[in-house]
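A short worksheet on the structure shown next.
Only the coordinates and a few stated rules stand behind these numbers; no lab work does. The model shown is predicted, which means the values in this text are computed figures rather than measured ones. FYI the Cβ positions are ideal-geometry reconstructions off the backbone, even for glycines, and counts take in every protein chain you see.
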Amino acid sequence: MNLLHNRICASPKWAEYVRTGLFPAVLGDIDLGDDVLELGPGLGVTTRQLAGRVPRLTALEVDEKYVARLRRELDVEIVHGDATEMPFPDASFTGVACFTMLHHVPAPELQDRLFAEACRVLRPGGVLAGSDGRVNLRFRVIHLGDTLVPVDPATLPARLEAAGFTDVNVNPVPRRVHFTARKPG
């Protein structure tokens, strides 16, 4: 992330939004189960919130500097790895969550691989829940010099179904897209 993006994501204002806006809108009454995987926690703002909601949380982060920081600051399992090639056995988790990180995955094909991997590591009946930003001028400015591959809400349902999910729900809202899907079983 560039300096501006990093500053915004580390701000108390963002943390408050995650707690009072993002999580209620995305998770609502969704039960992620008792063994949850978070993909791409970055600075850990969403991880801190998830840790208070689920009995066991594992976070998978690709950036080594964030992994080191998260391991120092949080009492959850932090794994260094790539969400397009997850280092977990099949059916490891009851829930998978990803918040505002998909646009950092550098190609739609890799995003699709991430969806397939999320389905693979979920137990039958497990839930994927997440959110990502939608393109607008502010979003583009915040990401100058960063990877920015927006997820199109119109194509997301078919992409999640192609990855193996059912009960797909995609909710485009201003500046974001929220989604949930379930692994069959």
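Some points to look at:
- When the Cα gyration tensor is reduced to axis lengths a ≥ b ≥ c, the ratio a/c is 1.5 or higher for region 79-136, and with a/b above b/c it is classed as prolate.
- Under Karplus coefficients 6.51, -1.76 and 1.60, residue-wise ³J(HN,Hα) of region 63-73 in Hz, glycine/proline x: 8, 4, 5, 5, 4, 4, 5, 4, 5, 6, 9
- Convex hull volume per residue, computed on the Cα atoms of region 46-111, equals 98 Å³.
- Each residue of region 162-178 was assigned a 3J(HN,Hα) from its phi angle through the Karplus expression (A = 6.51, B = -1.76, C = 1.60, θ = phi - 60°), giving 5, 7, x, 8, 10, 6, 6, 10, 10, 10, x, 10, x, 6, 8, 10, 10 Hz with x at Gly and Pro.
- Evaluating 6.51 cos²θ - 1.76 cosθ + 1.60 at θ = phi - 60° for every residue in region 79-89, the Karplus couplings come out as 10, 7, x, 9, 5, 8, 8, 5, x, 10, x Hz, glycine and proline recorded as x.
- Measuring r between the beta carbons of D167 and S11 and using R0 = 41 Å, the FRET efficiency lands at 0.75.
- Considering only region 3-182, percent of DSSP beta bridges that pair antiparallel, nearest 5: 40
- Under 5 Å, built H, 5+ apart or other chain: amide partners of G42: none
- Under the criterion of Cα pairs below 8 Å and six or more residues apart, the relative contact order for region 29-87 equals 33 percent.
- Mean separation of Cα contacts under 8 Å, 6 or more apart, over the residue count of the chain: relative contact order %: 21
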